[in-house]
1. I need every pair where a residue in the stretch 148-163 that is in contact (Cβ under 8 Å) with a residue 40 or more places away in the chain has its Cβ under 6 Å from the Cβ of a residue that is charged (D, E, K, R), sequence separation at least 6 or different chains.
2. Return the residues of the stretch 150-181 that are more than 19 Å from L227 (Cα to Cα), among the aliphatic types (A, V, I, L, M) and surrounded by fewer than 18 Cβ atoms within 10 Å (Cβ to Cβ); say none if nothing qualifies.
3. Checking V238 against (1) part of a loop (DSSP other than H, G, I, E, B); (2) more than 17 Å from the chain's Cα centre (by Cα); (3) surrounded by fewer than 16 Cβ atoms within 10 Å (Cβ to Cβ), only one condition comes out false. Which one?
4. Mind checking which residues of the stretch 128-146 are without any contact (Cβ under 8 Å) to a residue 60 or more places away in the chain and surrounded by 19 or more Cβ atoms within 10 Å (Cβ to Cβ)?
5. Can you find a residue that is modelled with pLDDT under 90, within 25 Å of V31 (Cα to Cα) and surrounded by 18 or more Cβ atoms within 10 Å (Cβ to Cβ) anywhere in the stretch 211-221?
6. Part of a helix (DSSP H, G or I) and over 19 Å from V238 (Cβ atoms): is that true of L196 in this structure?
7. Is it the case that the stretch 150-173 has a residue that's hydroxyl-bearing (S, T, Y) and touching a strand residue (DSSP E or B) at 6+ places or on another chain (Cβ under 8 Å)?
8. Of the residues that sit in the stretch 91-100 and are surrounded by fewer than 16 Cβ atoms within 10 Å (Cβ to Cβ) and free of Cβ contacts under 8 Å to residues at least 60 places away in the same chain, which one is farthest from R72 (Cα to Cα)?
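The values are calculated or read from the model by the stated rules, or taken from the named source; none is laboratory data. In this text, all values refer to a predicted model and were calculated from it rather than measured experimentally. Here the Cβ positions follow ideal geometry from the backbone for every residue, glycine too, while neighbour counts run over all protein chains shown.
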Amino acid sequence: MAKKITMNKHSGKTFEEVFAAFVTAKTAKGVSDVTIRNYHQNLHNISLHFDIQTPFDSLTKEMLDEMVVSMRKSGLAHNTIATYVRQLRTFLNWCNGEGLTTVMLPNMKEKETVKETYTDEELTRLLKKPGRDCSFCEYRAWVIVNFLLNSGCRAATVRNIQNRDVDLQARQIILRHTKVGKIQVIPLCSLMVSILQDYMEIRGGAEEDYLFCDQYGGMLSENALRLAIAAYNQRRGVQKTSIHLFRHTFARKYLVDCGGNAFTLQKLMGHSTLKTTKIYCNIFDADIAKNYDTFSPLAQISKPKERIRK
């Protein structure tokens with residue numbers, strides 16, 4: 001009996017066309033819109049160093065190695081290249097699973113860097129409550145900044161919180177939209193409860209409405225939130241405008257100033273594994289110098305001993 005010949009449905013397609021099939025498959029699987037946008041952005045980044053019109057059947061590891069070399073020669077930072085490679089590996093893993101190729105790039109370990117945070121002086125400016133005559137946008141930005149420092153949430157999570165998710169009596173908020181796709185419950189400190197109580201009386205709206213809405217009660221867009229916080233920070237004389245810096249700041253202050261532990265921080269920040277949380281623990285090791293005279297064995301043993309007096 002003759003062996004049936006099956007044709008690969010992606011045979012003859014370009015790298016770009018196979019990548020489009022990968023994105024379609026991931027979209028059907030239900031990955032987030034943010035992840036899909038990241039896939040498209042990654043393809044653009046790759047296209048600057050690799051011809052995405054290359055027939056996929058002719059793809060070789062040497063081609064991908066040349067792509068990485070091109071990235072290095074262009075002056076891209078090591079961690080940036082590592083990010084591109086990690087995202088490309090996700091695509092290649094899918095291709096391997098589909099039987100389209102056996103080509104794979106080795107993973108690149110990112111170098112640890114000290115993550116920038118807001119200083120205490122900057123936070124003092126940002127946390128100062130605006131006057132009664134301020135606009136709703138100014139007041140909302142102030143509440144969001146307080147909330148970011150209370151929880152360390154990602155911007156996308158903040159945008160998706162609804163009024164019904166806030167339980168002031170239980171002092172907690174349910175996060176239905178998270179990066180890992182799992183529902184998370186975060187606690188609120190007494191001050192944050194008070195701030196949200198006042199804010200929600202002014203904000204109003206139905207249970208299903210978004211907590212941090214735009215001026216018309218709708219959901220804040222990603223860009224609108226970014227611009228709102230950037231403008232708010234600059235009005236307060238703070239040149240740093242990154243929303244994600246509040247997440248780094250939360251982690252640092254929780255570990256260093258508040259004496260928190262990595263296991264609790266993992267839950268608060270919604271990390272699926274402790275591996276990501278440990279990065280924050282490692283990068284803030286420089287802060288162990290604080291009050292080290294209290295803990296250093298050398299300082300303790302060399303400390304002058306008081307003489308007993310009669």
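1. As it stands, the answer is G152/R247; Q162/E208; N163/E207; N163/D209, since those pairs meet every condition given.
2. Within the stretch 150-181, L168, A170, I174, V180 meet the criteria.
3. Result: V238 fails condition (3) only.
4. N146
5. no
6. Yes: the conditions hold for L196.
7. yes
8. G97
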